[in-house]
Structures are given as C-alpha cells and as structure tokens.
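For reference, the structure is listed below as structure tokens.
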Amino acid sequence: MPHSPRTGSDTGPESPTGPDSAASAPISALPAPLSLWLVVLVSSAGQFLVTLDVSVVNVALPSMRETLGLSASGLQWVVNVYSIALAGFMLLGGRAADLFGRKRMFLIGLALFTVASLAGGLAQEGGQLLAARAVQGLGAAVLSPASLTLVTGAVPAGPARTRAVGTWTAVGAAGGAAGGFVGGVLVDLLSWRWVLLINVPVGVLVLAGALRWLTEGRAAAGRRRLDLPGAVLVTAGLATLAYGIVQTGESGWTASATLGPLAAGLLLLAVFVAVEARTAEPLMPLRIFRTRVVSAANTAILMCGLSSFSTWFFMTLYAQNVLGYPPLIAGLAFLPSSVSVIAGSKLAPRLLPRFGARKVAALGVLIATVGYGWQSTMTAGGTYVTAILLPGILMMFGMGLGTTSLVVLATGNVPAVDAGLASGLMNTSRTMGGALGLAALSTVAASVTQGSTTPEALTAGYATAFRVAVGVLLTTAVVMAVWLPKSDHKA
C-alpha cells in the first residue's frame, strides 16, 4: 500500500485534483492500510443496505398482505418497484458521483434511503408502502455506484484493489443473502415494519462513519450537467416493460393489456438509446460499449441477475407456504447460503491471478447452474437438507464466485473519468436483470399454479421458475465463452 493514499478519488492520471479531493484529517492521521480499509468498510456497509432491501421484505410479504390488504400482484410490486427504481436511476447516480463528488452523492443517497425506510415502516396503506419503496430505490441508485467508485478510487490498481472489490461484492452479496434471516428474525420478534425501520439506526451509523472516514473526490471536471431526460426514459422503459411482463400472468401473452406495455417499454428504451447517441453529455455515453470486455461482462451480469434476484423470493415462499416454516425458521434456513455467497466472493480474488477472470466467472456460473438444476427438483414434501440447504449453497457459492469476477471485468477496463459510469452501468445491468427476471419468473410460476394455493401446485410453479433459470444460466455461460476476450487480466 502507498504511504499517501488518495482516498475517495481515482489514482489514475486521468483524475483531476481539486479542493474536493484533499484528504481529511481523520483519515490522514491513520496508517495508510487502515485508512484505505476504513473506506472499503464504510462503502461496503452502504452497499450491504442496498442489497439487503432487495430480499429482506420477502419473509415479511405475508404479514404485509394481511396488514395492508395488498393483492398478489401488489406483493410482487413491493419487491419490484424498489428494483426498478434502483435500476432505472443507477446510471444517473453513477454519473452524478463522477460530476459532483463520490462522497457527496454517497451521503445524499444514504440519507434519502434512510428517510424512505422510515416512511415505509410507518406506512398505513399499500400505496404509501409502494411509494416509500420507490424512493428507497432512488436513494439506493445514488448510493450504490458511489460506494463502488469510492472503493476503486481509494485502493490502487492491482491485487489490493481486486481484494477490495471482492470485499465490496461479498458484503453486498451477503446483504441479499442475509435478507431472509434478518427479515425472519424481525418479523417473528417484532413486526414486518421493522424490516424497513431497521435501516434507520444502521443508516445513521453508516452516515456517521462516512462523514468521518470518507474523503471527497470526483473524476470529471468542467460542466456539471446531468441527462435527466435519459434517466426518465430508461426508468419509464424498465417500469413499463416489467409491468407488461407481470400482465402476462393475468391476461396472457396475446392480450392488449400485455402487448401494449411490452411494446411501449421497448419503444421507450429504444428512444433512450437514440437520445443518448445525440446528447452532448449523455447519461450513458455509448462509447463505453466499444470496449468488448465491458459489453460482454455487463450482458453476463444482467443475465445472472435474471436468475439470482428471484432466488430468495421463491425460496422464502417455498419455505413458508409449502414447508410451513415460521418466519424466524425460514430466515435461519438460509444462513448457510448467506455464508456460501460470501465464501465464493472472497475466493474469487485468490483465483483470478492464476486462472483469469473469464475462467473464474464461467466456473462460478456453471456451479450455480448445478445448484439451480438441483433446486428445480423440489417437491412439496422436501426435506431441508436436499430441498434448501445443499442446492442453496451451490447456487449462492457459484453466484458469489462468478459475479465478483464479472464485476472486476466490467469496472477494471475503463478510464478513471468513467469510473462512476462503469459502476452505475454494472449495477444497472444487475438490478435491471433482477427486476425483469423477478417479473418474468413470477409470471412463469403463476402460469403453472393457475391460482391454486395447494402445496403441490405452488411447488410445481416454483420448480418451473428454477428450470427456466437453469436455461438462462446455461445461455450466460455460452455468451461468456463466445464474447468475453480470452486474454483477460489475471490481476
């Protein structure tokens, strides 16, 4: 580690310096390695909250439905509206971090996320809860890309940065994996409201740590103009497309109620691309896709998100609605999976120098595919070991191993001036895949159950969703083998 780290700013020659990039006294007074890892710790804690709230509400959905009178589709939107807002505004958040400062946007995003969590926990009707979840997603979209660029800017390129990215990925993955356990404990001991209210004290603590230990930095100089039309178009396109997918379960694929939103969503996304190609300062400069490894890695991340985000949704419903686990036991049941995703994420940096990110990513996806295939054999009378424990470990270990490698590929091959953009694009790919995947796989499951709530019918629906996920992951492996450059960095 260098003796004078530029914590919070990029270390490459492209990064301009200025008053915002000066180190603050609390950091500079600490030994260099400790100061860097405090940045990693605080940044990763912010990402933990972002991913925790993707899955923490799953265990609480039955209680939310009872208290607020939500419909089945309404329950799905409690999860989806957060993911769609997160995906839609992630590029905007990443670009804002580059233009206005990583620490500043981290603090703004975390504050917005914390306040929205308080509003959601106090919601008295379904509409209020959905609005709070949307604002949560907006705050997370500002927070998440800033958290990663703070890490990559603080730690010099090389093995140390790879380990830091592995830590950030592991902590973030642990948030998604721990959601079932945390939600189960809170719902069982307190109420569903605490799956959101718990973010308030944690958010305040992370804010305090960020104010003390993070230093400001930005990678872009000159004009500070954000592409708000682009942000509105991509968010509206994703939301409309996801709504159209949800409608397939209620109206069928050929109904106008389905085809209209699907066509409108695709049109809005096409207009977004056209606008970005002509805008002087676009939200998503299309030049970034000229880098083959960035395009391929983001495509693979999106496809992994199609499968992985819905895992906890279906597994939680299976444990509670089919196997009859109470919320606390359901949460405890997923602890081994939470540990395995951390293990996979932390193992990846050790394997990258020897085998390269491309091979490690492919290995992770294939391991996850085996787990999803095993999970698709679930039955209504399944036992914990064979129906949840072992397939869950394989699924999450493989995802941790593969996703960490893909993050390195997606963010390690761009100039420092585009660090926030690359981070936002990577997170957008993952969350967009997750939002659309949850909508699509939920529709697949609903088409199989056809309204039946018997354990056998529900299990058949969940199992079919996992079989579709297997097909997506196999396709992902093929895409990586064909598209990712064979000579990737081994650092």
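Does any residue of the stretch 428-451 turn out to be outside any helix (DSSP H, G or I) and surrounded by fewer than 22 Cβ atoms within 10 Å (Cβ to Cβ)? For the stretch 428-451, residues outside any helix (DSSP H, G or I) and surrounded by fewer than 22 Cβ atoms within 10 Å (Cβ to Cβ): present.
Taking the listed residues Ala263, Ala236, the one that is open to solvent by less than 50 Å² (accessible area, probe 1.4 Å) and either closer than 25 Å to Val79 by Cβ or in contact with a Lys or Arg (Cβ under 8 Å, 6 or more places away or on another chain) (or both) is Ala236, with no other qualifying. Just checking, does the stretch 110-125 include any residue being of a type in the set (A, V, I, L, M), under 21 Å from Leu214 (Cβ atoms), assigned to a helix (DSSP H, G or I) and open to solvent by less than 10 Å² (accessible area, probe 1.4 Å)? Yes: one or more hits. In the stretch 276-296, the qualifying residues are those that are within 19 Å of Ser429 (Cα to Cα) and among the β-branched types (Val, Ile, Thr), and the one that is most open to solvent (accessible area, probe 1.4 Å) is Thr291.
So for the stretch 297-308 (the condition being closer than 22 Å to Thr169 by Cα, open to solvent by less than 20 Å² (accessible area, probe 1.4 Å) and not in a helix (DSSP H, G or I)), does at least one residue qualify? Among the residues of the stretch 297-308, not one is closer than 22 Å to Thr169 by Cα, open to solvent by less than 20 Å² (accessible area, probe 1.4 Å) and not in a helix (DSSP H, G or I), which makes the answer no. State whether one or more residues within the stretch 400-414 are surrounded by fewer than 17 Cβ atoms within 10 Å (Cβ to Cβ), farther than 17 Å from Ala174 by Cβ and small (Gly, Ala, Ser). No, the stretch 400-414 has no match at all. The requirement of being modelled with pLDDT of 90 or more, in a helix (DSSP H, G or I), out of contact with any His (no Cβ under 9 Å at 6 or more places or on another chain) and open to solvent by 40 Å² or more (accessible area, probe 1.4 Å) is satisfied by Leu268. Among what's in the stretch 44-83 and is closer than 20 Å to Tyr243 by Cβ and of a type in the set (Ser, Thr, Tyr), pick the residue that is nearest to the chain's Cα centre (by Cα). Across the stretch 44-83, the extreme among qualifying residues is Ser83. Highlighted here are the helices (runs of 4 or more DSSP H) found entirely within the stretch 326-425 that include at least 1 residues which are closer than 22 Å to Ser295 by Cβ and hydrophobic (A, V, I, L, M, F, W, C): 335-355, 357-375, 390-411. Residues of the stretch 108-161 that are among the hydroxyl-bearing types (Ser, Thr, Tyr) and at pLDDT 90 or above: Thr114, Ser117. Is there a residue being in contact (Cβ under 8 Å) with a residue 40 or more places away in the chain and closer than 23 Å to Leu473 by Cα anywhere in the stretch 411-418? Yes; the residues of the stretch 411-418 include at least one that is in contact (Cβ under 8 Å) with a residue 40 or more places away in the chain and closer than 23 Å to Leu473 by Cα. Answer with yes or no whether Gln320 is open to solvent by 10 Å² or more (accessible area, probe 1.4 Å) and under 30 Å from Trp194 (Cβ atoms). Yes.
Of the residues that sit in the stretch 188-219 and are closer than 20 Å to Ser55 by Cβ and over 23 Å from the mean Cα position of the chain (by Cα), which one is least open to solvent (accessible area, probe 1.4 Å)? Among residues in the stretch 188-219 that are closer than 20 Å to Ser55 by Cβ and over 23 Å from the mean Cα position of the chain (by Cα), the one least open to solvent (accessible area, probe 1.4 Å) is Ser191.
The single residue among Leu99, Leu143, Leu92, Leu129 that is assigned to a helix (DSSP H, G or I) and either free of Cβ contacts under 8 Å to residues at least 24 places away in the same chain or over 26 Å from Ala208 (Cα atoms) (or both) turns out to be Leu129. Among the residues of the stretch 89-109, just one is aliphatic (A, V, I, L, M) and open to solvent by 50 Å² or more (accessible area, probe 1.4 Å), namely Ile108.
The values are calculated or read from the model by the stated rules, or taken from the named source; none is laboratory data. Just so you know, these numbers come straight off a predicted model, no measurement behind them. A quick note on method: Cβ atoms are made from the backbone with ideal geometry, for glycine too, and the neighbour counts reach across all protein chains shown. Accessible surface is based on the protein model in full, side chains and every heavy atom, while ligands, DNA and RNA are left aside. Shrake-Rupley method; radii C 1.70, N 1.55, O 1.52, S 1.80 Å.
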